[in-house]
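Asker: Below is a structure I'd like to ask you about.
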């Protein structure tokens, strides 16, 4: 799938939680986008500046895409999306990126998805696509955020958990209020319980670099093959991260 220039129109813009927009973009030209779950678009945010945003919708939705945008970020990307209105035109290049599932879904493999914040966007696309392709697939989603108000796509994943017995959904928050009765540990601590089963696993990481570095450290101690690990980052690498795959959301 060769990247192309697309013109789209904003058809949905909903605030979610404390800092996110859930947005739909209807494709005007070309009318159809063929992409693989986990890929992203490069949005023209004005004055020659581009920002990358992972597609949250399933590849089966070919005439529109959904993005999950952290509008609280500083800089031209955050400002661009804060200013957008329903009906506005948005130009982007797509599809881009290599944060994708293998072509064949293996029923002997467990697919682990670990995400924080808006890093859930490509993971949502992955999981929707996984169960569209293979309803008996085994997977676990670990999703972490600071506040319970920011549990993105909670209804979607709870519905999937009810529908597919081999899907497990684990959430945790780092700043719980007095009413919260669920997990408060960080994702690496929760995921460590599953590390004994990683020989037949594919592991997908997206979100906070600190979370990802901690998980990578755990996987290294367990001698998990790099071929089993797939990651998407939101920031450019520091000098001690140059060994990480260079696929980034900026």
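Asker: Have a look at 187, 173 and point out the one that is more than 16 Å from the chain's Cα centre (by Cα), at pLDDT 90 or above and buried (at least 17 other Cβ atoms within 10 Å of the Cβ). Step through it out loud before you land on a result.
Answerer: Details: 187 fails: more than 16 Å from the chain's Cα centre (by Cα).
Going through 187, 173 in turn, just one is more than 16 Å from the chain's Cα centre (by Cα), at pLDDT 90 or above and buried (at least 17 other Cβ atoms within 10 Å of the Cβ): 173.
Asker: Would you pick out the residues in region 31-57 that are within 22 Å of residue 111 (Cα to Cα) and crowded, with 19+ Cβ neighbours inside 10 Å?
Answerer: So in region 31-57, the residues within 22 Å of residue 111 (Cα to Cα) come out as 35-40, 54-57.
Within region 31-57, 35, 37, 38, 39, 40, 54, 55, 56, 57 qualify.
Asker: Now, a different point. Output yes when any residue across region 80-100 is part of a helix (DSSP H, G or I), surrounded by 14 or more Cβ atoms within 10 Å (Cβ to Cβ) and assigned by TED's automatic domain parsing to the domain that holds residue 35, and no when none is.
Answerer: Filtering region 80-100 down to residues part of a helix (DSSP H, G or I) leaves 80-83.
Checking the rest, the ones that are also surrounded by 14 or more Cβ atoms within 10 Å (Cβ to Cβ) come to 80-81.
Pick out the ones that are also assigned by TED's automatic domain parsing to the domain that holds residue 35 and you get 80-81.
For region 80-100, residues part of a helix (DSSP H, G or I), surrounded by 14 or more Cβ atoms within 10 Å (Cβ to Cβ) and assigned by TED's automatic domain parsing to the domain that holds residue 35: present.
Asker: With the structure loaded, tell me whether residue 119 is within 17 Å of the chain's Cα centre (by Cα), in a strand (DSSP E or B), at pLDDT 95 or above and buried (at least 20 other Cβ atoms within 10 Å of the Cβ) or whether it fails that test. Spell out the reasoning first.
Answerer: Numbers: within 17 Å of the chain's Cα centre (by Cα): yes; in a strand (DSSP E or B): no; at pLDDT 95 or above: yes; buried (at least 20 other Cβ atoms within 10 Å of the Cβ): yes.
Against the criterion (within 17 Å of the chain's Cα centre (by Cα), in a strand (DSSP E or B), at pLDDT 95 or above and buried (at least 20 other Cβ atoms within 10 Å of the Cβ)), residue 119 does not qualify.
Asker: Mind counting the residues in region 23-49 that are part of a strand (DSSP E or B) and in contact (Cβ under 8 Å) with a residue 60 or more places away in the chain?
Answerer: Of the residues in region 23-49, the ones part of a strand (DSSP E or B) are 23-29, 40-46, 49.
Then drop every residue that is not in contact (Cβ under 8 Å) with a residue 60 or more places away in the chain, which leaves 23, 25, 28, 40.
Residues in region 23-49 being part of a strand (DSSP E or B) and in contact (Cβ under 8 Å) with a residue 60 or more places away in the chain: 4 in total.
The values are calculated or read from the model by the stated rules, or taken from the named source; none is laboratory data. Please read these numbers as outputs of a predicted model, since none were measured by experiment. Virtual Cβ from ideal backbone geometry, glycine too; neighbours counted across all protein chains shown.
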